[in-house]
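*Asks:* First, the structure itself, so that you have it in front of you.
Nothing in this text is a laboratory measurement; each read-out follows from the coordinates by a stated rule. Keep in mind that this is a model prediction, so the values were computed, not measured. Because the Cβ atoms are built from the backbone with ideal geometry, glycine has one as well, and the counts that use them run over all protein chains shown.
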Amino acid sequence: MMKHFALAAVLTAGSSAAWAADNCKLEVGANDQMQYDKKEATVSAGCKEITITLKGTGKLDKTAMGHNLIVALEKDKNTIVAEGAGAGPAAGFVKAGSPLIVAATKLIGGGETDTIKFPGSKLKAGEAYSFFCTFPGHFALMNGKLTVTK
Ligand SMILES: [Cu+2]
């Protein structure tokens, strides 16, 4: 009983701004087994800036087991993956200037990190977004659901 009361007090005390701030930063690890360490994540369109950090937690070089992280609408995923394959390794498997891409990290290998920042206003709350890797053959395993709240 005391426990429930204490939790309710904490929830009430935490301002909505504090909760929203929690959804402005996202960190995702990517390993040598072609996996992200998250299958879903939530960010808020109300964030002034959303920061996403991709960490290569494996050991392999990016030419063998490179990873990136693209944020886009779920419905555009297949197109972006195909365009990325066409762009090739020198472009990090991302078609430069693609209007379908909300944000994209560079291609990294094990031990490397890349951080991207973009305004939350680039996302629409309630739409179906995804985060995924465009290294050839990876996106079937390396994709997650990105929920966007207000
Ligand atoms: Cu990958």
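*Asks:* Could you check region 138-150 and list, in sequence order, the residues that are touching a residue at least 60 places away in the same chain (Cβ under 8 Å) and either of a type in the set (Asp, Glu) or surrounded by fewer than 13 Cβ atoms within 10 Å (Cβ to Cβ) (or both)?
*Replies:* The answer is Leu141, Lys150.
*Asks:* Among the residues of region 60-91, which ones are within 12 Å of the ligand (Cβ to nearest atom), outside any helix (DSSP H, G or I) and within 24 Å of Gly120 (Cα to Cα)?
*Replies:* His67, Asn68, Leu69, Ile70
*Asks:* Being surrounded by fewer than 16 Cβ atoms within 10 Å (Cβ to Cβ) and in contact with a Phe, Trp or Tyr (Cβ under 9 Å, 6 or more places away or on another chain) is the filter here, so list the residues in region 41-60 that pass it.
*Replies:* Across region 41-60, the qualifying residues are Glu49, Thr51.
*Asks:* Can you tell me which residues in region 28-40 are over 17 Å from Thr113 (Cβ atoms) and of a type in the set (A, V, I, L, M, F, W, C)?
*Replies:* Met34
*Asks:* Assess whether Ala91 counts as being surrounded by fewer than 19 Cβ atoms within 10 Å (Cβ to Cβ), without any contact (Cβ under 8 Å) to a residue 40 or more places away in the chain and touching a Lys or Arg at 6+ places or on another chain (Cβ under 7 Å).
*Replies:* no
*Asks:* State whether one or more residues within region 127-136 are buried (at least 16 other Cβ atoms within 10 Å of the Cβ) and without any contact (Cβ under 8 Å) to a residue 24 or more places away in the chain.
*Replies:* No, there is no match, as no residue in region 127-136 is buried (at least 16 other Cβ atoms within 10 Å of the Cβ) and without any contact (Cβ under 8 Å) to a residue 24 or more places away in the chain.
*Asks:* Scan region 92-101 for residues that are among the hydrophobic types (A, V, I, L, M, F, W, C) and within 15 Å of the ligand (Cβ to nearest atom) and jot them down.
*Replies:* Initially, region 92-101 is screened for residues among the hydrophobic types (A, V, I, L, M, F, W, C), giving 93-94, 96, 100-101.
Across region 92-101, the qualifying residues are Phe93, Val94.
*Asks:* Regarding region 66-77, can at least one residue be identified that is more than 24 Å from Lys25 (Cβ to Cβ) and surrounded by fewer than 17 Cβ atoms within 10 Å (Cβ to Cβ)?
*Replies:* So far as region 66-77 goes, yes, one or more of its residues are more than 24 Å from Lys25 (Cβ to Cβ) and surrounded by fewer than 17 Cβ atoms within 10 Å (Cβ to Cβ).
*Asks:* Follow-up. Answer with yes or no whether Leu54 is of a type outside the set (Lys, Arg), part of a loop (DSSP other than H, G, I, E, B) and within 16 Å of the ligand (Cβ to nearest atom).
*Replies:* Numbers: of a type outside the set (Lys, Arg): yes; part of a loop (DSSP other than H, G, I, E, B): no; within 16 Å of the ligand (Cβ to nearest atom): yes.
Judged against the criteria, Leu54 is not a match.
*Asks:* Can you name every one of the strands (runs of 3 or more DSSP E) wholly within region 104-150 that holds 1 or more residues which are more than 16 Å from the ligand (Cβ to nearest atom) and closer than 14 Å to Leu54 by Cβ?
*Replies:* 113-118, 143-149
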